[in-house]
1. Just one of B:SER13, B:SER76, B:SER71 is more than 9 Å from chain A (Cβ to nearest Cβ), assigned to a helix (DSSP H, G or I), open to solvent by less than 30 Å² (accessible area, probe 1.4 Å) and not aliphatic (A, V, I, L, M); which is it?
2. Checking the conditions here, which among B:VAL166, B:VAL136 is open to solvent by 50 Å² or more (accessible area, probe 1.4 Å), β-branched (Val, Ile, Thr) and under 27 Å from the mean Cα position of the chain (by Cα)?
3. Yes or no: A:ILE88 within 14 Å of chain B (Cβ to nearest Cβ), modelled with pLDDT of 95 or more and under 13 Å from the mean Cα position of the chain (by Cα)?
4. Could you please let me know if B:ILE95 is of a type in the set (A, V, I, L, M, F, W, C) and either open to solvent by 50 Å² or more (accessible area, probe 1.4 Å) or within 12 Å of chain A (Cβ to nearest Cβ) (or both)?
5. Quick check: is even one residue across the stretch B:53-61 within 14 Å of another protein chain (Cβ to nearest Cβ), in contact (Cβ under 8 Å) with a residue 12 or more places away in the chain, in contact with a helix residue (DSSP H, G or I) (Cβ under 8 Å, 6 or more places away or on another chain) and surrounded by 13 or more Cβ atoms within 10 Å (Cβ to Cβ)?
6. Could you please find all residues in the stretch B:126-151 being among the hydroxyl-bearing types (Ser, Thr, Tyr) and part of a helix (DSSP H, G or I)?
7. Has the stretch B:144-156 got any residue that is within 14 Å of chain A (Cβ to nearest Cβ) and buried (at least 18 other Cβ atoms within 10 Å of the Cβ)?
8. Determine whether B:TRP154 is closer than 27 Å to A:LYS59 by Cβ and part of a helix (DSSP H, G or I).
Amino acid sequence: MVGEARGPRDLLPLTPAVLNILLALADRERHGYGIMREVEGRSGGEVRLGPGTLYGSIKRMLADGLIEESDERPDPEMDDQRRRYYRITDFGRRVAGAEAERLASLVETAREKKLLRSPRQRPLSEGA
Amino acid sequence: MPDTGPSQAPSVSERVYKALLVAYPKEFRRAYGLHMAQVFKDLCREEQRRGGAFGLARLWVRTLLDLAATSFVERSKAMRWKFLMPLALVLGLLIALVDSSPNWDDTGITAAAVFGSCGILGALYTRRAWQWALAVGFWIPALGIALHQNYESWAALAVALVGAYVGKLTRFALAARA
């Protein structure tokens, strides 16, 4: 596997599409449309992956060893033999964790520089 | 918009989208075309259920922008491979022709040329670095054995392999420091 030869931090920073796909697969296996719906639902409709972005990212994530294809059919409601399911690999989990730590560190810096208020307060972008 | 009515819209849209997939390289289409069409079909049904013809029109705008951007990215990657591979083959052949000429006896320069060109190619296109080594390094043993029965010239392939992977690792190291 290409990704296994490198450390998780070698792939950072992740593109928003790749991070969103890893988050969508973190709790269960999903097919392409399932990934799209999860990303859209979780972001409140703000992030909508197009088919080209989704499968272009999937292609690179498979090559990097972040995800793998699954033979199982975990979604009986939308099951179709033609649908291809994907699951996150251990390496993908480590990469997603490293990216989350990187983003958390950035958020902490923003908070220290008073660009962001504490979680209980309203964000500055909402005004005083 | 190519759709004629609400009930037929998804199937017409799906057919148009399938036709537009020709914008992607053949290998990409072969691997993911069916799945992209399936996802688009699902999206059509969902958008039509949510917003009718207006929802479908919004989906088409988003999808066309996505298709234009991602097909360009996929095509440029395929083009890079198509351009670099012939270049590697020609470069390897030229180095081998010089190396096999009667007046040439500087093996060090030949080895440096093979190592350097494979290193640059391996850094430019890091995936399948071994193929650059084969494309550049194959010619020296091929001509060396065919013209001079020089079986030691297989060593050129080892130099090429080392060069390609040194280039690849250097690229990763530079990317990590950036």
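1. Values: B:SER76 fails: open to solvent by less than 30 Å² (accessible area, probe 1.4 Å); B:SER71 fails: more than 9 Å from chain A (Cβ to nearest Cβ).
The conditions single out B:SER13.
2. On the way: B:VAL136 fails: open to solvent by 50 Å² or more (accessible area, probe 1.4 Å).
Answer to the check: B:VAL166.
3. No; evaluated as a whole, the condition is false for this residue.
4. On the way: of a type in the set (A, V, I, L, M, F, W, C): yes; either open to solvent by 50 Å² or more (accessible area, probe 1.4 Å) or within 12 Å of chain A (Cβ to nearest Cβ) (or both): no.
Against the criterion (of a type in the set (A, V, I, L, M, F, W, C) and either open to solvent by 50 Å² or more (accessible area, probe 1.4 Å) or within 12 Å of chain A (Cβ to nearest Cβ) (or both)), B:ILE95 does not qualify.
5. Here is the first cut: in the stretch B:53-61, the ones within 14 Å of another protein chain (Cβ to nearest Cβ) are B:55, B:58-61.
When the remaining residues are screened for being in contact (Cβ under 8 Å) with a residue 12 or more places away in the chain, the result is B:59-60.
Of the ones still in play, those that are also in contact with a helix residue (DSSP H, G or I) (Cβ under 8 Å, 6 or more places away or on another chain) are B:59-60.
Retained after the next criterion (residues that are surrounded by 13 or more Cβ atoms within 10 Å (Cβ to Cβ)): B:59-60.
Checked against the condition, which is being within 14 Å of another protein chain (Cβ to nearest Cβ), in contact (Cβ under 8 Å) with a residue 12 or more places away in the chain, in contact with a helix residue (DSSP H, G or I) (Cβ under 8 Å, 6 or more places away or on another chain) and surrounded by 13 or more Cβ atoms within 10 Å (Cβ to Cβ), the stretch B:53-61 yields at least one hit.
6. Restricting attention to the stretch B:126-151, the residues satisfying the condition of being among the hydroxyl-bearing types (Ser, Thr, Tyr) are B:126, B:151.
Passing the criteria: only B:TYR151.
7. At the first step, the residues of the stretch B:144-156 found to be within 14 Å of chain A (Cβ to nearest Cβ) are none.
Scanning the stretch B:144-156 turns up no residue that is within 14 Å of chain A (Cβ to nearest Cβ) and buried (at least 18 other Cβ atoms within 10 Å of the Cβ).
8. Working: closer than 27 Å to A:LYS59 by Cβ: no; part of a helix (DSSP H, G or I): yes.
No; evaluated as a whole, the condition is false for this residue.
The values are calculated or read from the model by the stated rules, or taken from the named source; none is laboratory data. All values reported here derive from a predicted model rather than from experimental measurement. A quick note on method: Cβ atoms are made from the backbone with ideal geometry, for glycine too, and the neighbour counts reach across all protein chains shown. For the accessible areas, the whole protein counts, side chains as well, though only heavy atoms, and no ligand, DNA or RNA atoms are used. Shrake-Rupley method; radii C 1.70, N 1.55, O 1.52, S 1.80 Å.
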